[in-house]
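Visitor: Pasting a structure below so you can have a look.
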Amino acid sequence: MPTLRNPQTRGDHYITLIVDIPTKLNNEQKEALMKAVSAALKSMSSDAQDYIKSNFGDTTQYLENRIEAQIDANHVAAKQAAAQNTLNLG
């Protein structure tokens, strides 16, 4: 990447990225989660809802669990990426 002072000079650019992902949801986040579940339910076909209900039980609870699991997975991935970036930069 060219430097700002001299476009002929190239070098590495280092950045530090800090991602803060909550491990527990506050009331505002819980409300956003419920809106996401509601939107997901509205977009799902009745066949898809029936499939989830027959295989996993309560559709709403299933969607909440899946979204929370994805949040947890994102949290783990962010920690791993931060650790990897620290190793690469260190």
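Visitor: Would you mind telling me which numbered condition in (1) surrounded by 10 or more Cβ atoms within 10 Å (Cβ to Cβ); (2) among the hydrophobic types (A, V, I, L, M, F, W, C); (3) modelled with pLDDT under 75 L87 fails?
Guide: For L87, the failing item is (1).
Visitor: Assuming Q61 fulfils every condition listed in (1) assigned to a helix (DSSP H, G or I); (2) modelled with pLDDT under 85 apart from one, which condition is it?
Guide: (2) is the only condition that Q61 fails.
Visitor: Could you run through region 37-52 and say how many residues are surrounded by fewer than 13 Cβ atoms within 10 Å (Cβ to Cβ) and part of a helix (DSSP H, G or I)?
Guide: Of the residues in region 37-52, 7 are surrounded by fewer than 13 Cβ atoms within 10 Å (Cβ to Cβ) and part of a helix (DSSP H, G or I).
Visitor: Could you grab the pairs with beta carbons closer than 6 Å, sequence gap of 6+ or different chains, first residue in region 40-54 and within 20 Å of E68 (Cβ to Cβ), second one surrounded by 12 or more Cβ atoms within 10 Å (Cβ to Cβ)?
Guide: Going by the 6 Å Cβ cut-off, the qualifying pairs are A40/L63; Q49/T59; I52/T59; I52/Y62; K53/T59.
The values are calculated or read from the model by the stated rules, or taken from the named source; none is laboratory data. All values derive from a computational prediction rather than experimental measurement. In this analysis, Cβ positions are derived from the backbone assuming ideal geometry, glycine residues included, and neighbour counts consider all displayed protein chains.
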